[in-house]
Amino acid sequence: MYLKIKYDDEIKPDEKDKVTFLQPLWHSSSHNRPDIRLEIYDKNKVFQNAIILDTKYRRLKDMNNFGDRGVLDQLNAYRYQILSPYPLKDDKYKKYKDLYRAQDMENSVIDVAALYPGELNDNDESLSELKTKAAKSVILNPKFPNNNSLMAFLKDSFKQQEDNFEKFEALDRLLERTV
């Protein structure tokens with residue numbers, strides 16, 4: 001697995017047909033510039049998925065304020081409207097296209113996190129979550145050096161990608177038996 005980490009990098013193509021091997025993502029929303037994007041590639045450097053981290057300097061309850069849906073709309077757009085035809089566009093993965101067509105493989109974001117400087121000792125803050133299933137809230141504050149929430153989030157995301165790699169390997173074994 002290879003990673004590319006991009007900071008404040010705009011996802012430029014706004015159409016699937018404009019995607020290239022070097023620019024594997026496109027967007028279908030005006031929210032196309034996450035603060036941090038981790039792009040995951042296989043050993044042959046074919047794009048697989050992305051993890052989005054967006055920084056917010058506000059309280060969780062303010063992010064959840066339904067009077068101002070901007071933050072939640074942005075996080076939802078990052079999760080569901082950043083897309084890619086890869087890896088299925090690559091020759092190595094084309095054989096899986098029919099198997100994955102029904103599973104909306106265009107969606108290429110594994111997970112999204114809103115990083116914010118919450119207070120871990122504030123019960124309301126630590127027990128709350130973002131009011132969207134599309135993203136997770138992660139407290140990132142130097143006052144809490146033992147807080148492992150970012151590492152736990154990343155471990156979970158990378159585990160999801162490893163599971164995807166294992167699915168492709170299992171499909172390869174299955175396809176080899178039928179040939």
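General observations
- Selected residue (criterion: modelled with the lowest pLDDT) from residues of region 1-16 that are part of a loop (DSSP other than H, G, I, E, B) and not aliphatic (A, V, I, L, M): PRO13
- Check on ASN64, closer than 17 Å to LEU88 by Cβ and polar (S, T, N, Q): no
- Meets criteria (closer than 21 Å to ALA113 by Cβ and not hydrophobic (A, V, I, L, M, F, W, C)) for GLU10: yes
The values are calculated or read from the model by the stated rules, or taken from the named source; none is laboratory data. In this text the structure is predicted, and so the values were computed from the model without any measurement. No Cβ is skipped: glycine too gets one built from the backbone with ideal geometry, and neighbour counts run over all protein chains shown.
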